[in-house]
Amino acid sequence: MFKKQGMKKFVLVFLSLLILLGVTACSSNGASNEEQGGSGGKTKLTIWLWPNMGIENQIKQYAEENNIEVEIQTAEFADVHSNLTTALAAGSGAPDISAIEVKGIDKMKATPEHFHNLLDLGADEVKDDYLDWKWQQALTPDGSSLLGLPTDIGPQAMAYRIDLFEEAGLPTDREEVANLVKTWDDFIKIGEQLKAKTGKAFIDSPNGAYTVMEGQGDEKYYDKDGNVIVQDNPHIKKAYDFASLIIDKELATKFDQFSTEWGTGMNNGDYATILAPAWMMTSMKATAPEASGKWDMTLLPEGSGNWGGSFLTIPKQSKNAEEAYKLIKWLLSPEQQLVTFKEAGNFPSTPGIYDSEEIQNFTSEYFNNAPVGKIYAEAAQQVKPIVEGPESIQIETIIGDAITRVKDGQDKPDTSWDKAMEQLERELAR
């Protein structure tokens, strides 16, 4: 589950912490495992998560059913990654289990010795439960070490505000809406119509539009050989130009995604669409509960892509690796991922259940009883595997900042793009 909020902070802290080999993680985020004993002789595990990962209740259930203690320590998305980097560099302070987002796992694969190899703990026996491309994301290039088991994936769909579509004289039936916006050109055309009729923005964020479109290509920032191809990949420039066009036509709000204003606008109907990976459903319901029933869901223009998804890893500092692995193996099984989807909306990385009645017939009251299970299952099967690359977060932050400069009127699109490419060359050359 990936949020752009805090990414800039994450990158800066992540890079600076690599040189702080003598720094230990703060005591509140994990005394060494040798110091952590459960009451009554029970095994005690510590797990680091960020908010709303959707697996907390199942972790508590497992602990109760297996007579162990599990301490869930929650921090902001960026802080989980930076705290883990600090602890790994220092050699102490890491938890028994830590979540790592998909863009962060590639960075960690450079030092697999910092993690227990899940292949040594028997992970091969569950390999076939997961999407192959998702499994590969946590596997070192030589295939010798697996850093984590996959949690969810982020297939994408389009949430739309029913009342604003009605006010604009547009159809509101989800199949008709899907046919209305089959292409991104259609999306712009309909957006202009809605803006003219209602005076409201058509989309919540040009940055979100960029992130969704970039995930629809065959490649992103790296090729399969690990070369940076940002300037040579026309799909990236196409996604950037699309975000710039949305800004130029004033089809987007000025809100930052996941900000207070963004949530208020979602409740108030200040914008008509959100390009939504599956985990966004949880954010929407938590952020704008009063808007329940006012939003619906349909397929995205021009096929799906993937935005986000995470892994649960076991740092090498854990003295309870076998117990930790038993927990994550159970927690991320197809059966439990189905529970997580039903409770939190995170879409499973286990394709064997996509055609099940429980997925296909699953609806959401918040989204006007849309068959979100069926919609996201179809979207998930359209996702093309894409190499993320070790500096993916840094690259995406630089391009995201370029779009923000355009949105805020600080730069023209071409000038801002050129600045981003110059910054990219400088920073990746370090």
Electrostatic dipole magnitude of the chain [Cβ: Lys, Arg +1; Asp, Glu -1; Cα centre; debye, to 20] = 760
Hey, if you put +1 on the Cβ of every Lys and Arg and -1 on every Asp and Glu Cβ in the stretch 206-293, which of PRO289, TYR222, ALA239 ends up farthest toward the positive end of that dipole?
-> PRO289
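So how do 320-333, 92-105 stack up, highest first, on mean other-Cβ count within 10 Å? Walk me through the numbers on the way to the answer.
Working: 320-333: 20.4, 92-105: 24.6.
Going by the mean number of other Cβ atoms within 10 Å, highest first, we get 92-105, 320-333.
From the C-alpha gyration tensor of the stretch 40-161, pull out the three semi-axes of the equivalent ellipsoid (sqrt of 5λ each), sorted largest to smallest, in whole Å. Present the calculation step by step, with values, prior to reporting the outcome.
Working: eigenvalues 100, 85, 61 Å².
So the three semi-axes of the stretch 40-161 are 22, 21, 18 Å.
Explain nothing, just the number: dipole magnitude of the stretch 48-173 about its Cα centre with +1 on each Lys and Arg Cβ and -1 on each Asp and Glu Cβ, in debye rounded to the nearest 20.
Working: 7 positive and 23 negative charges, 92 e Å.
With Lys and Arg at +1 and Asp and Glu at -1, about 440 debye.
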Virtual spin-label span in nm between GLU71 and LYS316, 7 Å along Cα→Cβ | 2.4
Along the three principal axes, how long is the stretch 221-297 when you take its alpha carbons, biggest first, rounded to the nearest angstrom?
-> 47, 28, 22
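Run the numbers on the chain and let me know its relative contact order in percent, using alpha-carbon pairs under 8 Å that are six or more apart. Let's see the in-between values first.
Working: 788 pairs, mean separation 102.1, N = 430.
Answer for the chain is 24 percent.
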Report the local net charge at GLN381: Lys and Arg +1, Asp and Glu -1, summed over other residues whose C-beta lies under 14 Å from its C-beta.
-> 0
Reach of LYS103 by Cα under 13 Å, taken over aspartates and glutamates that are not fewer than 8 positions away in the same chain = GLU388, GLU391, GLU396
Kindly sort ARG405, ARG161, ARG430 by accessible area of their heavy atoms, largest first, with the probe set to 1.4 Å.
-> ARG430, ARG405, ARG161
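Around ASN66, what is the net charge, scoring Lys/Arg as +1 and Asp/Glu as -1 over all other residues with Cβ under 13 Å from its Cβ?
Details: positive: LYS42, LYS44, LYS60, LYS326, LYS329; negative: GLU64, GLU65, GLU69, GLU322, GLU323.
Here the count lands on 0.
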May I ask for the distance between the Cα centers of the stretch 156-173 and the stretch 311-351, given as a whole number of Å?
-> 36
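Relative contact order for the stretch 43-172: what is it in percent, counting Cα pairs under 8 Å that are at least 6 residues apart? Please list the in-between numbers first.
Details: 114 pairs, mean separation 26.1, N = 130.
Once divided by the residue count of the stretch 43-172, the mean separation gives 20 percent.
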So what's the net charge close to GLY303: Lys and Arg +1, Asp and Glu -1, counting the other residues with Cβ under 11 Å from its Cβ?
-> 0
Which one of PRO155, SER92, GLY143 has its Cα pushed farthest toward the positive end of the charge dipole of the stretch 85-156, where Lys and Arg give +1 and Asp and Glu give -1 at the Cβ?
-> SER92
With only helices counted (DSSP H, runs n ≥ 4, each -39500 (n - 2.57)), the per-residue ellipticity at 222 nm for the chain, to the nearest 500, works out to -12500 deg cm²/dmol
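State the dimensionless ratio Rg/Rh of the stretch 236-381 (Rg: radius of gyration of Cα atoms; Rh: Kirkwood radius).
For the stretch 236-381, the value is 1.03.
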Listed by chain and number, the lysines with an alpha carbon less than 18 angstrom from that of LYS342, same-chain partners under 8 positions apart left out, are LYS60, LYS285, LYS374
Quick one: Cα centre-to-centre distance for the stretch 180-202 and the stretch 230-273, in angstrom?
-> 13
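Ordering TRP184, TRP133 by how much accessible area each has at a 1.4 Å probe, largest first, what is the list?
Working: TRP184 10, TRP133 40 Å².
Sorted by accessible area, descending: TRP133, TRP184.
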Mind checking Rg over Rh on the chain, alpha carbons, Kirkwood formula for Rh?
-> 0.97
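Ranked from highest to lowest mean number of other Cβ atoms within 10 Å per residue, what is the order of the peptides 388-401, 188-201? Don't skip to the end; give the middle numbers.
Values: 388-401: 21.9, 188-201: 17.4.
Ranked from most to least packed, the peptides come out as 388-401, 188-201.
The values are calculated or read from the model by the stated rules, or taken from the named source; none is laboratory data. This is a predicted model, so every value here is computed, not measured. Note: ideal-geometry Cβ built from the backbone for every residue, glycine included; neighbour counts use all protein chains shown. Heavy atoms of the whole protein, side chains included, go into the accessibility calculation; ligands, DNA and RNA do not. Shrake-Rupley method; radii C 1.70, N 1.55, O 1.52, S 1.80 Å.
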